[in-house]
Amino acid sequence: MDQLHLLWEYQKADVEVDKLEAAIKRSPVRQKLVKYRDYYAEQQNTMKRIESEVSAMQDRLEALKDAIKMTDEQLHNLHAKLESDPPKSSEEVQQFMNDAKRFQNNLTAYEQEIKRIRKDAGDRERLQHDVRVRAAKAKSEFDKLKLSYDDEKKEKDQELEALKAAAAEKAKPIEPSFMERYRDIKKHSVPPLAALYGDQCGGCNMSLPSSVSRKVKAGELVECETCGRLLIIV
Ligand SMILES: [Zn+2]
C-alpha cells in the first residue's frame, strides 16, 4: 500500500476518534453539568455583589450615625447659647430659628436615609437567602449528576483510548512528511483526504479539470483547488 492509501486508512480511524470526542462534548449530561456549573457561578457572583453592597450600606450607616451625633451637638450648643446669650434683635432671633430649622432638617434627612438603608438591607438579606438556596440547589444537582457523568465518562474515555490506539497503530507506517501534510490540511478541511470520483472532489463536490485525475492516477500529490483536500483514488 502506498503512503497515500495508508493515510486514507489512517483517516478512517482518525475520523472515528474525532466523532467520539465530539459526542463526548455534546453529551446531554455534560451539557447539563456545564449549565449547573455556570448557574452556580452566577449565583456566587450575585452573592458577592450583594455582600459588597451590604458592606457599603454599613459604612454609610456608620457615617450617618456620626452625622446625627454631630447635628445633635450643634442643636444642643444652639440651645445652650440661647440660654446663656439670648438674641437681642429680631434678626438674631431669625438667625437662631434658621439655624435650628436647618439642623432639624438635616436630622430628619439623615433619619430618613437610615430608614431607607435598613429597608434596602432587609431586601438584600432576603435576596441573599434566595440566592444561597438557589446556589445550594444547583450545587447538589451538579454533584448528583456528576456521579452518573463520571461513570459515563469513564466508559467513553476507555472507548476513546481504544480508538486512539487503533489510529496510532495505523499511523505507524506513515512517513512524517505525509502526516504533517495531513495535519496541516486538517486545520482548514476535515477530513483532510478526499476521494476523487471521476473528475469530482468527494470532499467539496466540485468538478475538477480532467488533468487532475490524470496526475492523481500517476501518483502525484494533488490538492483540490477548491477545498484544499489531498485527493486520492480509492
Ligand atoms: Zn474539494
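Every number here is computed from the coordinates shown, using simple stated rules; none is lab data. This structure is a prediction, so every number in the text was calculated from the model and none was measured. All Cβ positions, even for glycine, are placed from backbone atoms using ideal geometry, and neighbour counts span all protein chains on display.
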**Q.** 20 Å Cα-Cα reach of LYS12 towards aspartates and glutamates, excluding residues that sit fewer than 8 places from it in its own chain
**A.** ASP2, GLU21, ASP157, GLU159, GLU161, GLU169, GLU175, GLU180, ASP184, GLU223
Q: Mind pulling the angle between the C-alpha long axis of helix 3-26 and the longest principal axis of the chain? Nearest 10 degrees, somewhere in 0 to 90.
A: 30
Q | Selected from TYR182, VAL216, ASN205, residue furthest toward positive end of dipole (segment 179-232; charges at beta carbon) | A | TYR182
Q | Per-peptide average of other Cβ atoms within 10 Å, ordering 82-91, 188-197 highest first | A | 188-197, 82-91
Q. Using the Kirkwood formula over every pair of different C-alpha atoms, what hydrodynamic radius in Å results for segment 1-135?
A. 21.6
Q.
Give the aspartates and glutamates whose C-alpha is closer than 18 Å to that of LYS137, dropping any in the same chain fewer than 8 places away, or say none.
A. ASP38, GLU42
Q) LYS35: which aspartates and glutamates have alpha carbons under 15 Å from its alpha carbon, excluding same-chain residues fewer than 8 sequence positions away? A) GLU141, ASP143
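Determine the alpha carbon to alpha carbon distance for each of LYS187/LYS215; LYS139/LYS187; LYS186/LYS217; LYS139/LYS186; LYS115/LYS139; LYS48/LYS156 and list only those over 31 Å.
Numbers: LYS187/LYS215 25 Å; LYS139/LYS187 38 Å; LYS186/LYS217 23 Å; LYS139/LYS186 39 Å; LYS115/LYS139 36 Å; LYS48/LYS156 38 Å.
Where the Cα-Cα span goes over 31 Å, the pairs concerned are LYS139/LYS187; LYS139/LYS186; LYS115/LYS139; LYS48/LYS156.
Could you tell me the ratio Rg/Rh of the chain? Both radii from Cα atoms, Rh via Kirkwood. Could you put the intermediate results ahead of the total?
Values: Rg = 38.8 Å, Rh = 25.8 Å.
Ratio of gyration radius to Kirkwood radius for the chain: 1.50.
Using helices alone, I'd like the mean residue ellipticity at 222 nm for the chain: each DSSP H run of four-plus residues gives -39500 (n - 2.57), total over residue count, nearest 500. Display every interim value, and only then the final one.
On the way: 5 runs with 182 residues, N = 234.
Rounded to the nearest 500, it is -28500 deg cm²/dmol.
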Q.
Explain nothing, just the number: dipole magnitude of the chain about its Cα centre with +1 on each Lys and Arg Cβ and -1 on each Asp and Glu Cβ, in debye rounded to the nearest 20.
A. 680
Q: From the P(r) of segment 60-164, can you give the percent of Cα pairs sitting at distances over 24 Å?
A: 62
(Q) Just to confirm my numbers, what's the Cα centroid distance between segment 71-112 and segment 196-230 in Å? (A) 98
